[in-house]
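Take a look at the structure set out below.
Just so you know, all these numbers are worked out from the coordinates, no wet-lab data involved. Remember, predicted model here, so these are calculated numbers, not experimental data. Heads up, the Cβs are rebuilt from the backbone with ideal geometry, glycines too, and the neighbour counts pull from every protein chain shown.
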Amino acid sequence: MMTTTVPDTIRILVAEDNEDHLYFITRALEGLDGVQVEVDSVRNGADALDFVYRRGEFVGRQRPHMILLDLKMPRVPGLEVLSQLKSDPELRSIPITVLSSSDRPEDIDASYRNGTNTYVVKRTGLSEMKAGLQAVSDYWTDVARLPEPPL
Amino acid sequence: MIELTPASPPTASVHAGATIRVLVVEDSIDHQMLMVRRLRAAGMKVTAASNAQDALASLDGVDLVLLDYRLPGTSGIEVLEAIQQRESAPSVIMVTGTGSIDVAVDAMRAGAIDYLAKGAGYLDALPEVVRRAWRHHDLAARATELQRLALLVSSATDRDELFGEIVSGARRLLRASSCVLMLGRHGRLTPVTVLGPTPDDLNEVLASDRGLDAGAGEVVAPWTEDGRMLVPLPRDGGMAVGMLAVWRRDDGYGEGDLELARTFASFAGMALRNLRQRELELQLVDELQQTVDARRDFIASISHELRTPLTCISGFAQTLQEHSDVMPEEQRADMMQRIMRNAGDLHALVDDLIHLAALDRGHSAPVALRPYPLDTLVRQCIGDAEEILADRVVTIDVPHDVVMADPVLLRRTVGNLLTNAVKFSASGSRIDVRGTIDGGRVRVEVQDQGIGLEPREAARVFDPFFRAVGSVANAVRGSGIGLALVKEYVRTMDGAVGVSSEPGVGSTFWFTLLLAPTNVAPADVVPGSDQTQMQPEAQAAGSTGGFVAS
C-alpha cells in the first residue's frame, strides 16, 4: 500500500491585494494549530500566476502546497488566475481556496465553475479569520491528503 | 441585399401572364370537345377531364373549372366540395343541362362563382362567362394579397422578412416578372431586396431621383416608364425614403394597376414604419435594461467597497479588544493606524456617494466661477493630498495664469485624480502634474506610471457606473465613482475631461479650465479651507454675484 507523508511545513501562497486583509490572513496562518506553514504573498493576479509558474521575479521559488486566492485583484482578476491554473494539466493538482469577502451566489458559482477546490467567505477579526483558516487547514492536512506540489 | 428565389404563388390563379387556364369537366365527349374548342379559340389554355377522379387529379395550375353538374357515379356538388378542400382551389363555374333554379342555388351555396345552362347558344356565351368569372376570381386573389400585407403591417418583427413579403406581395399583385425594394441610404437609393431576375435597367432606376424629394407625409403617386412601374413608399414618422420598382413580363399597366400599386405602397409604408417603431422600442428597452443592470452591478460593487473598510475596522477593533493586553505597544499603534486609515477610506467613499446622489438628482448647486491663480490652487490641492502622496515622487509644473474655477470643485477634482493615480501605480513611482495653455483654456494633466488602461476601459472610465462594473473583475480599493464625479465637477466649471493611457506604462488624466479675461484680478484662496473669500475687485471685475462657497 502506498502512503503519502504529511509534509512538515506547508507552503501556502496568499494572493490578496488588500493589505489589511493580508495582515489578518498572514497572522491567522502563522498561528494555526497542528501545522507549520510558510506563507508567501502576492498583491495581484499577475504576480500570483508568475509565482506559480516560477517566472519573472519568482524564478527558482518552490511551488506552494496550496493557494488562498482573493477574487478582486488588480491586473489579473482572481477568477482568471483560477481558470488558468485549473486548466493547466500540470498545475491543477494544487488545491485552491478562494478566500473572498463576497458571499454573492454569482461569485461562489463562478469560482466553482472555474475549478476552485473550495470557497471560504472572509471573516472579520483575527480570531474568526483564524478559526476559518484552521478549519481549512485541518481539512487539507488532517482529513484529506495534500498532493505533492508539481516540481 | 437579399436575393430571393421566386416562390410559387400561394394561389394558383394569380399568375404572371394574362392567359386563363381552364379545366373542362364534362362526361359527354361531344360537349367537351366543343367547349374546349371555343375556349381555345378565345385564347385560353384548356385541359379536359371526363370524370370526377380525373378532374381532381388535373387541378394543378388551373385558374378556373367548368364543372358538369351530372357526372358518372357522382354529382357536381360533391366534386365542387372536393375541389374547395384543396389548398389553392380554382374557382368553379357549374354547368348543367337542365337550367333548373334549384340546381343553380345549390351550386352557388356550395361555392360556385357562376352558373351556366347548356341551353341554346351557350357555347357562344362561354368565353365571356369564363372571362367574367376570372376577373371576379382575380379580384378576390388581389384582395387576399392586400389583406396579407395589411396583416403584416401590425405583425412584422423582422426586417428581412418584411422586405421579402413586400416584394413577393407586389410581384404577385402586379403580376411582375421582377420586383426590387430600394431604400434611401446616405442620400441615394440602395436595393435591399430583389425578387426575380435582376433587371438590366436597375442601375438606371437607382440613379434616378424622381419622386424622392417628397416631404414627410406626402404621398407620390406611382408612375410607369419604359415598361416598369415605380412606386414610392410614403415617408412619414421618420421613415427613410423608399421605392418599389416593378417589371412586367408582357402587357403594360392599366389605371387599375396604378391604383392597386398606390394602395399596396401605403400598406407597405405603414408596415415599414411600424417595424421601425418596434425596433426603436426594442432598442429603448435594451438601453433601459442596460441601465438597470449597471445600477444593480453598481449596488453590488458599492456594497463590497463599503464592506471592505468596515470589516477591516471591526476586525482590528475586535483583535485589539481581545489581545491588546498581550500586544506589544508598536503592534497596537499599527492596528490603530490601520483603523484610522480604513475609517478615512470609508469617509471618503460615503462623501463621494453623497455627491453622486446629489448630481444624480440634479441638485448640484450652480456655481459662480471666480478668477484664481492656477498654480496656487493646484499646489493647495496637492498639499491637501499630502498624506496619500507620501511615498510618491510628485512634480508640479503649472503656469501662474488666472483661471475661472470653483475652489471646492477644483480641489475635489485634483484630489480625486491624485488618489486615482496613487491607487493604480506602485510605491515610489512618479506622478507629474502639468498645466499648459491652449487657446483660451488651460489644460491640467495628472500623469502616473501605473498599470494603465486598455483602450476599451479608457473609453468608459468616466462613466458613473463603469469602474464599479469593471471593479468586479479588476478592482483596486476605492469607490469607482471618483472619476464620474471629476467629470461632473469639471463640466460644472465649463471644462472638459479626458484620459490617454497605455497598459503597463501609465495613464494621463486631464481636464481643462477657462482662462480668466486678462483684465480680471484673481480672488484669494484661503489655505486649508473650503471657504473662499471674495475680493471686492473680483466682484466688481466680472463675477455674476450671489456666490457663497461652502
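Summary table
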| quantity | calculated |
| --- | --- |
| Relative counts (whole %) of C-alpha pair distances in the protein assembly as shown, using bins that are 10 Å wide | 3, 11, 14, 12, 11, 10, 10, 9, 8, 7, 4, 1, 0, 0 |
| Sorted by Cβ density within 10 Å, fewest first, the residues A:HIS65, B:HIS186, B:HIS400, B:HIS355 | B:HIS186, B:HIS400, B:HIS355, A:HIS65 |
| Sequence of B:THR190, B:THR508, B:THR308 once ranked by neighbouring C-beta atoms within 10 Å, starting from the fewest | B:THR190, B:THR508, B:THR308 |
| Within chain A, helix-based [θ] at 222 nm, where runs of 4 or more DSSP H residues each add -39,500 (n - 2.57), nearest 500 | -10000 deg cm²/dmol |
| Residue list for the range B:105-136, given a label point 7 angstrom along the Cα-to-Cβ vector of B:SER28 and an amide N cut-off under 13 Å | B:117-123 |
| Relative contact order (%) - criterion: Cα under 8 Å, at least six apart; region: the range A:51-115 | 33 percent |
| Fewest-first ranking of A:THR118, B:THR311, A:THR97, using other Cβ atoms within 10 Å as the exposure measure | A:THR118, B:THR311, A:THR97 |
| Whole-angstrom gap from the range B:123-144 to the range B:170-207, using each part's C-alpha centre | 31 Å |
| Gyration tensor (alpha-carbon) shape descriptor, the range A:48-134, a/c threshold 1.5 | prolate |
| Three-way shape call for chain A based on the alpha-carbon gyration tensor, with the a/c threshold at 1.5 | rounded |
| Distance between the range A:87-145 and the range B:434-466 - C-alpha centres, whole angstrom | 38 Å |
| Spacing of the two label points (7 Å from each Cα toward its C-beta) at A:ASP40 and B:TRP223, in nm | 8.3 nm |
| Separation of the B:GLU78 and A:ASP109 label points, Cα + 7 Å toward Cβ, nm | 6.5 nm |
| Cα gyration tensor shape of the range B:260-403, rounded if a/c is under 1.5, else prolate or oblate by comparing a/b with b/c | oblate |
| Förster-model FRET efficiency, 60 Å R0, B:VAL292 and B:LYS45, C-beta, rounded to 0.05 | 0.40 |
| The range B:86-133 - percent relative contact order, Cα under 8 Å, separation 6 or more | 41 percent |
| Full-extension gain in nm, B:GLN53 to B:ARG185, via 0.36 nm per residue minus C-alpha separation | 41.9 nm |
| Fraction of antiparallel bridges per DSSP, the protein assembly as shown only, in percent to nearest 5 | 55 percent |
| Sites B:SER177 and B:VAL129 - FRET efficiency at Förster radius 45 Å, r taken between beta-carbons, to 0.05 | 0.90 |
| Inter-chain shielding of A:66-78 (mean C-beta neighbours from other protein chains, 10 Å cut-off) | 3 |
| Whichever aspartates and glutamates have a C-alpha closer than 18 Å to that of B:LYS118, once near sequence neighbours (fewer than 8 apart) are set aside | B:GLU26, B:ASP27, B:ASP30, B:ASP68, B:ASP102, B:ASP106, B:GLU128 |
| Candidate lysines - alpha carbon under 25 Å from A:LYS72, same-chain residues fewer than 8 apart omitted | A:LYS86, A:LYS122, A:LYS130, B:LYS423 |
| Around A:GLY45: net Lys/Arg minus Asp/Glu count, Cβ-Cβ under 12 Å | -3 |
| Computed over chain A: relative contact order in percent, which uses C-alpha pairs under 8 Å that are six or more apart | 26 percent |
